[in-house]
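The values are calculated or read from the model by the stated rules, or taken from the named source; none is laboratory data. Because the structure is predicted, anything quoted here is derived from the model rather than measured. Here the Cβ positions follow ideal geometry from the backbone for every residue, glycine too, while neighbour counts run over all protein chains shown. Quick note on the areas: whole protein, heavy atoms, side chains included, nothing else; ligands and nucleic acids left out. Shrake-Rupley method; radii C 1.70, N 1.55, O 1.52, S 1.80 Å.
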Amino acid sequence: MQNLEIGDKVSVLDDDFDGVVVKVENTSITIETSDGFTMTYFVNELIKTNNINELNNVFSSKSLTSVLQDKTEEKKRSFVKEKKSKKDDFVLEVDLHIEKLVKNFRGLSNFEILNIQMDNAKGQLDFAIRKRMPRLVFIHGVGEGVLKSELEFLLSKYDGITFKEASYQKYGIGATEVYIKQNVDR
């Protein structure tokens, strides 16, 4: 703690005030500002500025140029990358658009197209479960929502599976992400 005496020039640390100490009472210091106002502060809120060299000595451990240089230098940051298994990185993406599943779909009824899409979805889901894949994404598109609701009905019949809308940034609106719990034996 600094010793302040009547007559010392001081600056307020958290305000833009300078003044002269006019009264010292325990830890309270009353100053008169350069505008003629008297204000009272605690000792730890003031800094003595009688001798500007004293103030410079407080900060002399680092020169202004070295402080500015530290601020402008890019510091290399090191990151410890968490190791993940390749299995966690891989996501099976199943595109259920009919043009991706069969070469020629002209002449097929909507019912036949939906059956082909659902058979493919069930086959891919069973494959992912057998291979113990933690997740997969079904890309079903937007449409009228028939394929999406049929897919949700199929997924709800499986134990140990949860699903939600897939990442909008990556897949847009028409995709469902499926999570397969690994402790379930089939």
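Using 1/(1 + (r/R0)^6) with R0 = 22 angstrom and r between the beta carbons of I173 and D126, what's the FRET efficiency to the nearest 0.05?
My answer for the efficiency is 0.25.
For the cross-link pairs K100/K148; K100/K164; K23/K48, which exceed 19 Å when the distance is taken from alpha carbon to alpha carbon?
K100/K164
Between N104 and E25, what is 0.36 nm times their sequence separation minus the Cα-Cα distance? Round to one decimal in nm.
Length gained, N104 through E25: 18.9 nm.
Go through K157, K131 and list them by solvent-accessible area, largest first, probe radius 1.4 Å.
K157, K131
With Cβ to Cβ distances under 13 Å as the rule, what net charge do the other residues near K23 carry (K, R +1; D, E -1)?
With Lys, Arg at +1 and Asp, Glu at -1, the neighbours total -4.
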